[in-house]
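Report on the following structure.
Each value in this text was obtained by applying a stated rule to the coordinates, not by laboratory testing. Quantities reported herein were computed from a predicted structural model and do not represent experimental measurements. Virtual Cβ from ideal backbone geometry, glycine too; neighbours counted across all protein chains shown.
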Amino acid sequence: MSVVTLLDGGMGQELLRRSARKVTPMWSADIMLNEPILVRDLHREFIESGARVITLNTYTATPQRLKRENELSQLTNLHQQAMSAAQEAIQLAQRDDVLIAGCLPPLVASYRPDVSLSFEDSLATYRRLVELQSPASDVFICETMSSITEARAACTAAVESGKPVWVALTVSDEYPQQLRSGELLKDALLVLDSFDTQATLLNCSQPEAISACWSLLSTQQRKIGAYANGFISVDALYPGDTVEELEMRQDMSPQQYAEHAMGWIRSGASIIGGCCEIGPAHIKALYNSLCSEGFV
């Protein structure tokens, strides 16, 4: 029986629930700037719930998103604060077995490959993000990749870092055999097969969509895994919107999420966590399930 690596859950939605600030299109980056202790403490809570990989809170701290909000000057500061928050959380949790994952997200908007940059422009930005995050990152996750071009650019920059690289694709909830771009998942996996990455994951899709294409993911020679979201639908979200537009499912309790994830583990997943709307209680329930079945 293989040991499973447990990731953290979604930072953004959980931070918004804990913050007294008005929600802005900067989302978690706004809280990173103004309430960094919330970020540190949430990282720590995920660790204490069982997570052994925490991801930097830089998902919305891309040059393109910050420029849209007239906050581009905060790019370096945001990344430095995010690295400090993660490192301090590990120290406070008194663990020496927790890794920090650098975050290479969609640069303009999640789930909207139609507004993404060209390969060349994306690559230049991802290289900049890799440089900013490398001092604290043990691994890089290219996450919520909605198109093959986006994934290629992020993977190229990440692999150049010399650190381990995991790539996480997001599939359509309605047509799980496709990325959000409409490109076939099997074609994306074929293209990414040429990159020297260590794991292929699915993320920020509904658990049912991930399960529907699991047999295809299972053909990978690398480690495989997933971290799903708890949204009813992402169709209402557009570039520049706030995440208040999205609604949480009422049938995704910690135990219900753990049951989805344990199904993937029994089918070969070795990296598991949660995305948006999956909080510390979900990760704790998943950790307990992993322990009871001997996976940690």
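Taken one residue at a time, the phi angles of the range 265-279 give Karplus couplings (6.51, -1.76, 1.60, θ = phi - 60°) of 5, 5, 9, x, 5, 10, 9, 9, x, x, 10, 3, 6, 9, x Hz. Gly and Pro are set to x.
Converting phi to 3J(HN,Hα) with the Karplus coefficients 6.51, -1.76 and 1.60 and the offset θ = phi - 60°, the range 41-46 yields 5, 5, 3, 4, 5, 5 Hz in sequence order, with x at every glycine or proline. Less than 5 angstrom separates the built amide H of residue 168 from those of 142, 143, 144, 145, 201, all sequence-distant by 5 or more or on a different chain.
Between the amide H of residue 99 and those of 53, 54, distances stay under 5 Å, these residues lying 5 or more places away or on another chain, with hydrogens modeled in the peptide plane.
For the residue pairs 163/186; 223/284; 22/67; 67/223, the C-alpha atoms sit more than 28 angstrom apart in 67/223.
Remark: the range 143-159, residue by residue, has Karplus-estimated 3J(HN,Hα) of 10, 6, 6, 9, 8, 5, 4, 4, 5, 4, 5, 5, 5, 4, 5, 5, 5 Hz, where x stands for each Gly or Pro and the curve is 6.51 cos²θ - 1.76 cosθ + 1.60 at θ = phi - 60°.
Comparing 225, 263, 50 in a Gaussian network model of the chain, where Cα atoms under 10 Å apart are tied by springs, the biggest mean-square fluctuation is seen for 263. Comparing 53, 115, 98 in a Gaussian network model of the chain where C-alpha atoms under 10 Å apart are linked, the largest mean-square fluctuation is found at 115. Note on residue 17/residue 128: beta-carbon distance plugged into 1/(1 + (r/R0)^6) with R0 of 25 Å gives a FRET efficiency of 0.20.
Taking each DSSP H run with n ≥ 4 as -39500 (n - 2.57) and averaging over every residue of the chain yields -12500 deg cm²/dmol at 222 nm. The slack in the chain from residue 193 to residue 266, taken as 0.36 nm per residue of separation less the alpha-carbon distance, amounts to 23.9 nm.
Assuming R0 = 25 Å, what is the FRET efficiency of residue 35 and residue 67, from their Cβ-Cβ distance, to the nearest 0.05?
That pair, residue 35 with residue 67, gives E of 0.65.
The residues neighbouring residue 20, those whose beta-carbon lies less than 13 Å from its own, together hold a net charge of +2 under the Lys/Arg +1, Asp/Glu -1 convention.
Here are several values of percent of Cα pairs over 27 Å apart: (1) 33; (2) 53; (3) 41. Which one was derived from the coordinates shown? Answer by label: (1).
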